[in-house]
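The values are calculated or read from the model by the stated rules, or taken from the named source; none is laboratory data. Here the structure is a predicted model, which means the values were calculated and not measured. When we count neighbours, we look across all protein chains shown, and the Cβ atoms used for this are built from the backbone with ideal geometry, even at glycine.
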Amino acid sequence: MGKVLITGSNGMLGNVLAEEFYLKNKNTLGVDLLKSETSIPFVQLDLTELSDVESLLNEVKPAVIIHTAAYTNVDFCEKNHELTDKLHINATKLLADYSESKAKLVFISSDSVFDGMIGNYREDDNKAPTNYYAKTKDVAEEIIKSTCDDYIIVRTNIFGFHQNNGSSLVEWALNKLFIGEQINGFTDVYFNAIYTRLLSRIVIEMINLNLKGTYHVCSNNSVSKFEFLKILAGIFKLDVNLISPIKMEDSKLGASRPKNTTLNTDKIHSFIKLPSVEDGLNKLHEDYLNSKTVKMF
């Protein structure tokens, strides 16, 4: 596989990708703005400083680049267009330009490039992002398509743990449920999110199969956010009655969010067997019980 460079290697997906790739290939290097807390080889770097990124690429000469780095706070992106552009668009363009002839580029995109009106979106369905985060992901996809021949765009939706206590859906819910606090779950928002560790292993398999193009990589079934939280609570043996159903329009959110971004996974399923949401949550629970790094809630 050659040298693997993983951007955003301290993020919720990036840190697991780094772990899984390092198990298979010791020639793996993580890159992130924040200092790493793992023993995996790492460079602390601001990806928006393009001259520094270019110097690193010329020095490391990666054969594979996994680009996960992103601002994942949708409301932050809505209020900070310039910063979002620097990371999501400008940095992606630099990585794509390098990868044009020198590397395979794997870009982690999002199910939110679709407007969420119908669900079960296929790879070639029309994109219609409804917020700035998703718009920049869409632009980044098109840059990669027009620049690279050897690329994989992975559209997905993920759940998992951060290296430190984070604010993902799972972490937020468990923090509340463990202390007996009531939470709300959207009954009208649907997704087929996948656990970060299982997605990481699939990405490795996709590279080994030398796949190219755009793929939807998610769980093989879809649930509402409310159903997801109930399954999570049940697996962790927490009180499901603490979870109340609510509609998204009854909440006070900032940026627009699509309601049904479920992704059709037939294309990738012809190559790789996909897990269910329940499979992913059970594996997450297993990893939680065995973890020395995930904060106990």
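For region 165-187, state whether one or more residues are outside any loop (DSSP other than H, G, I, E, B) and more than 23 Å from Asp239 (Cβ to Cβ). Spell out how you get there, then give the answer.
Going through region 165-187, the residues outside any loop (DSSP other than H, G, I, E, B) turn out to be 169-178, 183-186.
Checking the rest, the ones that are also more than 23 Å from Asp239 (Cβ to Cβ) come to none.
No; the residues of region 165-187 include none that is outside any loop (DSSP other than H, G, I, E, B) and more than 23 Å from Asp239 (Cβ to Cβ).
Please go through region 241-270 and give me each residue that is exposed (fewer than 14 other Cβ atoms within 10 Å of the Cβ) and closer than 15 Å to Phe226 by Cβ, ordered by number.
Of region 241-270, the ones exposed (fewer than 14 other Cβ atoms within 10 Å of the Cβ) are 241, 244, 247, 249-254, 266, 270.
The answer is Asn241, Ser244, Lys247, Glu249, Asp250, Ser251.
Which residue, of Asn58, Asn10, is modelled with pLDDT under 95 and either surrounded by 22 or more Cβ atoms within 10 Å (Cβ to Cβ) or not hydroxyl-bearing (Ser, Thr, Tyr) (or both)?
On the way: Asn58 fails: modelled with pLDDT under 95.
Checking each option against the conditions leaves just Asn10.
Give the residue that is nearest to Thr156 (Cα to Cα), with candidates limited to residues of region 84-108 that are surrounded by fewer than 24 Cβ atoms within 10 Å (Cβ to Cβ) and among the hydroxyl-bearing types (Ser, Thr, Tyr).
Thr84
Got a sec? Which of His81, His67 is modelled with pLDDT of 95 or more and surrounded by fewer than 17 Cβ atoms within 10 Å (Cβ to Cβ)?
Values: His67 fails: surrounded by fewer than 17 Cβ atoms within 10 Å (Cβ to Cβ).
Going through His81, His67 in turn, just one is modelled with pLDDT of 95 or more and surrounded by fewer than 17 Cβ atoms within 10 Å (Cβ to Cβ): His81.
Here is a list: Ser168, Ser146. Which entry is of a type in the set (S, T, N, Q), surrounded by fewer than 19 Cβ atoms within 10 Å (Cβ to Cβ) and under 17 Å from Ala69 (Cβ atoms)? Show your work before the answer.
On the way: Ser146 fails: under 17 Å from Ala69 (Cβ atoms).
Sole residue among the options that is of a type in the set (S, T, N, Q), surrounded by fewer than 19 Cβ atoms within 10 Å (Cβ to Cβ) and under 17 Å from Ala69 (Cβ atoms): Ser168.
Could you please give the count of residues in region 203-262 that are at pLDDT below 95, in a helix (DSSP H, G or I), closer than 15 Å to Ile183 by Cα and not aliphatic (A, V, I, L, M)?
Qualifying residue count for the region: 1.
Out of all the residues in region 110-117, is one or more in a loop (DSSP other than H, G, I, E, B), polar (S, T, N, Q) and within 15 Å of Arg155 (Cβ to Cβ)? Break it down into steps so the answer makes sense when it comes.
The first filter runs over region 110-117 and keeps only residues in a loop (DSSP other than H, G, I, E, B), leaving 114-117.
From the residues that got through so far, the ones that are polar (S, T, N, Q) too are none.
Within region 110-117 (the criterion being in a loop (DSSP other than H, G, I, E, B), polar (S, T, N, Q) and within 15 Å of Arg155 (Cβ to Cβ)), the answer is no, since none of the residues qualifies.
Kindly establish whether Ser112 is surrounded by 22 or more Cβ atoms within 10 Å (Cβ to Cβ), on the phi < 0 side of the Ramachandran plot and among the polar types (S, T, N, Q). I'd like the intermediate steps shown before the answer.
Values: surrounded by 22 or more Cβ atoms within 10 Å (Cβ to Cβ): yes; on the phi < 0 side of the Ramachandran plot: yes; among the polar types (S, T, N, Q): yes.
It is true that Ser112 is surrounded by 22 or more Cβ atoms within 10 Å (Cβ to Cβ), on the phi < 0 side of the Ramachandran plot and among the polar types (S, T, N, Q).
Scanning for something without any contact (Cβ under 8 Å) to a residue 60 or more places away in the chain, aliphatic (A, V, I, L, M) and in contact with a Pro (Cβ under 9 Å, 6 or more places away or on another chain), does region 46-54 turn up at least one residue? Before you say what the answer is, go through the steps one by one.
Of all residues in region 46-54, those without any contact (Cβ under 8 Å) to a residue 60 or more places away in the chain come to 46-54.
Next, from what is left, pick out any that are aliphatic (A, V, I, L, M): 47, 50, 53.
If we keep only those that are in contact with a Pro (Cβ under 9 Å, 6 or more places away or on another chain) too, we end up with none.
Within region 46-54, none of the residues are without any contact (Cβ under 8 Å) to a residue 60 or more places away in the chain, aliphatic (A, V, I, L, M) and in contact with a Pro (Cβ under 9 Å, 6 or more places away or on another chain).
Sort out which residues of region 118-150 are β-branched (Val, Ile, Thr) and not in a helix (DSSP H, G or I), and write them in order of number.
Ile118, Thr130, listed by residue number.
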